[in-house]
Amino acid sequence: MNWSDEHVSSDIQEVQAALRGSGRLPRHVAAIMDGNGRWAQMRSMPRIEGHRAGMESVRSVVRACSQLGIGYLTLYAFSIENWKRPAPEVRFLMSLLEMYLRKELDELHENNVRIRTIGKTNALPKNVSRVLQRAIEKTAENDGLTLTLALSYGSRWDIQRAMQVIALDVRRGKLSPEDLTEETVSAYLQTSYMPDPDLIIRTSGELRLSNFLLWEAAYAELYVTEKLWPDFHANELYHALTEFTQRERRFGKTSAQLSDTETPKPSTLERLRNALK
Ligand code: IPE
Ligand code: IPE
Ligand code: MG
C-alpha cells in the first residue's frame with residue numbers, strides 16, 4: 001500500500017500539517033525502543049510477546065516519519081550487549097527481525113524507504129544477514145526516508161573500530177594525524193551517511209543512552225517517555241515531535257544570539273496541542 005493514499009483522519013492531517021508547517025521538524029529522529037519485556041510481563045505474558053507487539057509500533061512510527069517527510073529514522077533494535085540475553089529470547093528477536101524484513105520489504109520499497117543498517121552485523125545469523133542484504137540492495141536507490149536498523153550495535157564498538165581503521169590509514173600514509181578533524185572521525189563511523197540525530201527518543205522511562213550514538217548525540221535533544229515501546233505509536237511520536245519543535249537549541253550560544261528561525265513559535269504549539277487532544 002502506498003502510504004500517501006492511506007486514509008488519515010482529519011485530526012491527524014491537522015497535526016501533520018502543523019508539524020510540517022512549523023518548519024522545525026528534525027531531520028533525523030533516533031529511537032531507543034525499550035520496555036517490550038515489561039509490557040508483556042505486565043500482562044502476564046512471556047517477554048517475547050512484548051517484542052512481537054513492538055513490531056506494530058515500528059510499523060506505525062516508520063509510516064508516520066515517512067508521511068511527515070522526515071529524512072532519517074534510526075531504530076535501536078538490538079544492542080551488542082543484548083547478545084548476553086537468554087538464547088531463546090535472542091533467537092526469537094532474530095526470527096522477528098527476519099519476519100519483519102520479509103513481510104514489510106515490498107511496502108517499504110513501494111514507499112520509497114531506503115533501508116540501511118549499523119552495527120556488528122557479521123554477528124547476525126546467516127538467514128537474517130541474507131534478508132537484510134536483500135532489503136538494503138533492493139532499496140538502495142530510494143530517496144525517501146532512510147530507515148536505519150541498529151543491529152548488534154554498540155557505539156563504543158563503532159568508535160573503537162573507526163579508531164582502528166584511522167590508525168591503519170595513518171600507517172599506510174593515507175591520512176596524516178594533523179589532518180584528523182571531528183569531520184574525519186565522523187566519516188570513519190558507520191553512521192557517516194546520516195546527519196547527527198536531532199532528536200533521540202527513549203521509551204520506558206530509562207534515563208540512559210545504553211551505548212547508542214554516543215559521538216553523534218553530542219547535541220541531540222533527548223525525549224524520554226514512560227510509555228513502553230509497544231504502546232508508542234504515531235500519536236506518541238507526534239507528541240515527541242511537538243515538544244521538539246518547542247525546544248530552543250542553542251548549540252552553546254545564548255538565547256539572544258539565535259536568529260528568528262531558530263526560536264520556537266508557541267503558536268504552533270497551541271495548534272498542535274489542540275489537534276492532539
Ligand atoms: C527492548 O525491550 C527491546 C530490546 C532490547 C531488544 P526490552 O526487551 O529491553 O524490554 P524491558 O526493558 O526488559 O522491559
Ligand atoms: C537498549 O535497551 C537497547 C535496545 C533498545 C535495543 P536495553 O534494555 O538493552 O538497555 P539497558 O540494558 O536497560 O540499558
Ligand atoms: Mg530494556
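Quick note: the coordinates plus some simple rules give every number you see, no bench work behind them. Worth saying up front: this structure is predicted, and the values here are computed from it rather than measured. Note: ideal-geometry Cβ built from the backbone for every residue, glycine included; neighbour counts use all protein chains shown.
Considering only DSSP states other than H, G, I, E and B, which trypsin sites (Lys or Arg not before Pro) in the range 162-235 qualify as loop sites with at most 13 other Cβ atoms within 10 Å?
When the trypsin sites (Lys or Arg not before Pro) of the range 162-235 are filtered for loop state and at most 13 Cβ neighbours within 10 Å, ARG172, LYS174, ARG208 remain.
In the range 227-275, which GluC sites (Glu not before Pro) are in a loop and have at most 13 other Cβ atoms within 10 Å, using DSSP for the loop call?
Working: sites: GLU236, GLU243, GLU248, GLU262, GLU270; in loops: GLU248.
Within the range 227-275, the qualifying GluC sites (Glu not before Pro) (loop, at most 13 other Cβ atoms within 10 Å) are GLU248.
What per residue convex hull volume, in Å³, do the alpha-carbon atoms of the chain yield? Working shown, then result.
Numbers: hull volume 41.4 nm³, N = 277.
It comes to 150 Å³ per residue, whole-number rounded.
Using 7 Å Cα-to-Cβ label points, what is the ASP5/ALA17 separation (nm, one decimal)?
Between ASP5 and ALA17, the simple spin-label model gives 2.3 nm.
LYS138: which lysines have alpha carbons under 20 Å from its alpha carbon, excluding same-chain residues fewer than 8 sequence positions away?
LYS103, LYS126
Answer with one residue from PHE251, ASN211, LEU25: the one whose Cα lies farthest towards the positive end of the charge dipole of the chain, charges on Cβ with Lys, Arg +1 and Asp, Glu -1.
ASN211
For the range 1-46, give the magnitude of the charge dipole about the Cα centre (Cβ charges: +1 Lys/Arg, -1 Asp/Glu; no others), in debye to the nearest 20.
280
Given H placed on each backbone N at 1.01 Å, which residues far from THR146 in sequence or on other chains put an amide H within less than 5 Å of it?
So THR146 has HN proximity to TYR72, LEU73, ARG114.
Nearest 20 debye, what's the magnitude of the dipole of the range 18-71 about its Cα centre given +1 on Lys and Arg Cβ and -1 on Asp and Glu Cβ?
On the way: 9 positive and 3 negative charges, 26 e Å.
Here the range 18-71 has a charge dipole of around 120 debye.
Using Cα pairs under 8 angstrom and six or more residues apart, how large is the relative contact order of the range 163-277, in percent?
19
Which of SER66, LEU149, ASN274 sits farthest toward the positive end of the charge dipole of the chain, with +1 on the Cβ of Lys and Arg and -1 on the Cβ of Asp and Glu?
Of the listed residues, the answer is LEU149.
When only C-alpha pairs under 8 Å and at least 6 residues apart count, what is the relative contact order of the chain, in percent? Each step should come with its number before you reach the end.
Working: 410 pairs, mean separation 77.2, N = 277.
Once normalised by length, the contact order is 28 percent.
Output wanted: per-residue J couplings in Hz (rounded whole) for the range 167-178, from phi through Karplus 6.51 cos²θ - 1.76 cosθ + 1.60, θ = phi - 60°, x for Gly and Pro.
For the range 167-178, the Karplus curve yields 4, 5, 5, 5, 4, 6, x, 7, 9, 9, x, 5 Hz.
Build a GNM of the chain with springs between Cα atoms under 10 Å: which of ASN127, ASN142, ASN36 gets the top mean-square fluctuation?
ASN127
Under a 5 Å amide H to amide H cut-off, with H placed in plane at 1.01 Å, what residues pair with ASP34 once short-range neighbours are removed?
Close amide H contacts, sequence-distant or interchain: THR203, TRP229.
For the range 144-219 and the range 5-74, what is the separation of their C-alpha centers, rounded to whole Å?
24
Read phi for every residue in the range 129-145 and hand back ³J(HN,Hα) as whole Hz from Karplus 6.51 cos²θ - 1.76 cosθ + 1.60, θ = phi - 60°, with x for Gly and Pro.
4, 5, 5, 5, 4, 5, 5, 5, 5, 4, 9, 4, 8, 5, 10, x, 4
Place a +1 charge on the Cβ of each Lys and Arg in the chain and a -1 charge on the Cβ of each Asp and Glu, then give the dipole magnitude about the Cα centre in debye, rounded to the nearest 20.
Roughly 820 debye, rounded to the nearest 20.
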